[in-house]
Amino acid sequence: MNQKMAYTAYCIADKIELTRYQQEYPEDLLSKGSKEVYYQVRPGEYYFMLSYGVVVFAGMSPRKISEYLEQIEPFTIHHKEKASSDTLQVHFELENTEELKITFDALTLGHFDHAINRMIMMHLAQSVALDHYNMLSQATLSEVKSYTLDMERRGKVKLGQKRALQFIGKTLNTKNSIAENLYILDSPDVAWENEYLDRLHGTLARHFELVARYREIDNTLKIVEDNLEVYLSYNHHRESRRLEWIIIILIVIEVLDTFATKLL
């Protein structure tokens, strides 16, 4: 018997308050953790929420997905008006339990269970989260480049110390969020306990190019950091020169005052 299921992930916010949500909607909850909750609405319909602002739906119609997104919105922090999304079609060839293959737009598996379902949802969530982090890093780089171009044209930097530190904070927060929430370079714990899940993890990680995309984001943020180091160094040098001139002026005033006192 063959089954087909469509998975769709949405990055809807910076954060979802999972504890509050599961307290409000305890029915249909199958499993929970500190960073994720997994619901079964009915057989063949599931949704999976991650604390870092991503929701993944499986086997649901667009209308029902819209209803659940509206239900989840009050539990989000910094909700996004335009959510980024990613999709995956999965075929379950239930007569062959060891089946596991993937093409450009579809995954074929030999059997279905909740651990497999969560594994698929987790990787799709990571994929759409990386899209979000990539947009953040590219936007930060574009803004920093505008100051670099201004430096080239005018020979000076308009980026002040406070603004540079804000850029550094944004960059570090992005890096910390990826390290805290995504299993990019390490396998999730459940994959170590089950050979089939470990194969599925490796297959999905390669399909979504998670490691390559993570490294691209990391390289972009490194470029941002390198630029900001130059700006901070320039600002520090400029501030040092200003202090030197203040000291020189104070010395000159003191000398003039001394001469004036002696002459009088």
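Here's the yes/no breakdown for (1) under 29 Å from Thr108 (Cβ atoms); (2) surrounded by fewer than 16 Cβ atoms within 10 Å (Cβ to Cβ); (3) at pLDDT below 95:
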| residue | (1), (2), (3) |
| --- | --- |
| Lys4 | yes, yes, yes |
| Leu18 | no, no, no |
| Gln40 | yes, no, no |
| Phe48 | yes, no, no |
| Ser51 | no, no, yes |
| Glu67 | no, yes, no |
| His78 | no, yes, yes |
| Leu94 | yes, yes, yes |
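Looking at region 103-213, what helices (runs of 4 or more DSSP H) fall wholly within it and have at least 1 residues that are basic (Lys, Arg)?
114-154, 161-181, 195-207
Do any residues in region 90-107 that are closer than 21 Å to Val56 by Cα have Cβ atoms under 8 Å from those of residues that are modelled with pLDDT under 80, where the two are at least six apart or on different chains, and which pairs are they?
Note: pairs meeting the criteria are His91/Asn2; Phe92/Asn2.
Please go through region 88-146 and give me each residue that is out of contact with any strand residue (DSSP E or B) (no Cβ under 8 Å at 6 or more places or on another chain), farther than 17 Å from Phe208 by Cα and of a type in the set (A, V, I, L, M), ordered by number.
Result: Ala115, Leu136, Ala139, Leu141, Val144.
Checking His111 against (1) exposed (fewer than 13 other Cβ atoms within 10 Å of the Cβ); (2) under 15 Å from Asn194 (Cβ atoms), which test does it fail?
(1)
Test Thr87 against the criterion of being closer than 16 Å to His207 by Cα, in contact (Cβ under 8 Å) with a residue 60 or more places away in the chain and either acidic (Asp, Glu) or open to solvent by 60 Å² or more (accessible area, probe 1.4 Å) (or both), and give yes or no. Don't jump to the end; show me each part of the working.
Details: closer than 16 Å to His207 by Cα: yes; in contact (Cβ under 8 Å) with a residue 60 or more places away in the chain: yes; either acidic (Asp, Glu) or open to solvent by 60 Å² or more (accessible area, probe 1.4 Å) (or both): yes.
In short, yes.
The values are calculated or read from the model by the stated rules, or taken from the named source; none is laboratory data. Small disclaimer: the values here were computed from a predicted structure and weren't measured. Neighbour counts are summed over all protein chains in view; Cβ atoms, including those assigned to glycine, are modelled from backbone coordinates with ideal geometry. Remember, those area values only see protein heavy atoms, side chains included, never the ligands or the DNA or RNA. Shrake-Rupley method; radii C 1.70, N 1.55, O 1.52, S 1.80 Å.
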